[in-house]
Amino acid sequence: MELPPHQIIISEEQIGKRIPQLAGEVEKELGDENPLVVVVLKGAFVFASDLVRNFEFPHQIDFIATSSYGDATSTSGVVKLLKDLDEPIKGRTILLVEDIVDTGLTLHYLQQLLQIRQPKKIEVMTFLSKMARREFHTPLKFVGFEIPDKFVVGYGLDYKEQYRGLPYVIAIEE
Ligand code: 5GP
């Protein structure tokens, strides 16, 4: 695949080392609670699939889809629910898996949406975090990598639906 001018932000090797560490952290915190892993589509699907293959404890998986960007590279300020969960979550321990937390708006919206369904608790895992741009401060229990304020793609993250399959993360010019 032809890539635009870019800078590698996180290598395949760094990701490969970090995933088992994250899985271990989750096991320590939630391993006894049969968590429901809620994967936020589409961006988190690659990360989540690597993550759960390192889980050595009982868990289930469900998917939810939101959109806030459209084709743009910064948030529109409005979150839309595109796909809801298949199952009720009342009384369940939820591990909400995000690709990236930027302003925190999407996560804030999802937390509110899920909280009213009375889960036992919701813990957040995000592959990437851009702290510099945070406006909504939802606590993040597990963070893969803190990254600088750049638009990144790869490892599930897209630009206009491209580059999701890259096994590493790059920053591209807007
Ligand atoms: P937030 O609501 O926290 O501002 O943004 C979260 C969502 O925006 C993410 O789930 C992701 O879809 C998108 N997003 C934020 N920053 C980036 C980025 O650098 N690259 C890509 N591809 N998507 C991003």
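What follows draws every value from the coordinates through simple rules; no lab data is involved. The structure presented is a predicted model; accordingly, all values stated were derived computationally and were not measured. Methodologically, a virtual Cβ is constructed for each residue, glycine included, from the backbone with ideal geometry; neighbour enumeration extends over all protein chains shown.
Side notes on the structure shown:
- Note on the chain: GNM, Cα springs under 10 Å; of 82, 128, 110, the largest mean-square fluctuation is that of 82.
- Distance from the C-alpha centroid of segment 1-59 to that of segment 101-166: 13 Å, rounded to the whole angstrom.
- Residue 40 sits among other residues whose Cβ lies under 11 Å from its own Cβ, and their net charge, with Lys and Arg +1 and Asp and Glu -1, is -1.
- Principal axis dimensions, largest first and in whole angstrom, of segment 1-144 by Cα: 46, 35, 27
- Under the convention that each Lys and Arg Cβ holds +1 and each Asp and Glu Cβ holds -1, the size of the dipole of the chain around its Cα centre is about 440 debye.
- Share, in percent, of DSSP beta bridges within segment 125-174 that are antiparallel, nearest 5: 50
- 0 to 90° range, to nearest 10: angle between helix 105-115 axis and the chain longest Cα axis: 10
- In this structure, the pairs whose alpha-carbon distance is over 27 Å, taken from 130/160; 83/120; 28/83; 83/141; 42/90; 17/150, are 28/83.
- Per-residue [θ]222 nm for the chain (sum of -39500 (n - 2.57) over DSSP H runs n ≥ 4, rounded to 500): -7000 deg cm²/dmol
- Helix 12-30 and the longest principal axis of the C-alpha atoms of the chain enclose an angle of approximately 20°.
- Theoretical gain in end-to-end length, residue 54 to residue 145 [0.36 nm per residue, Cα-Cα removed]: 31.0 nm
- Near residue 30: Cβ cut-off under 10 Å, other residues only, Lys/Arg at +1 and Asp/Glu at -1. The net charge is -3.
- Remark: 37, 52 ranked as 52, 37, counting other beta-carbon atoms within 10 Å and listing the fewest first.
- Judged by the mean number of other Cβ atoms found within 10 Å, the most tightly packed of the peptides 101-109, 140-148, 7-15 leads the ranking 101-109, 140-148, 7-15.
- Antiparallel DSSP beta bridges within segment 26-174, as percent of all bridges there, nearest 5: 25
- GNM flexibility winner over the chain from 113, 96, 22 (Cα, springs under 10 Å): 113
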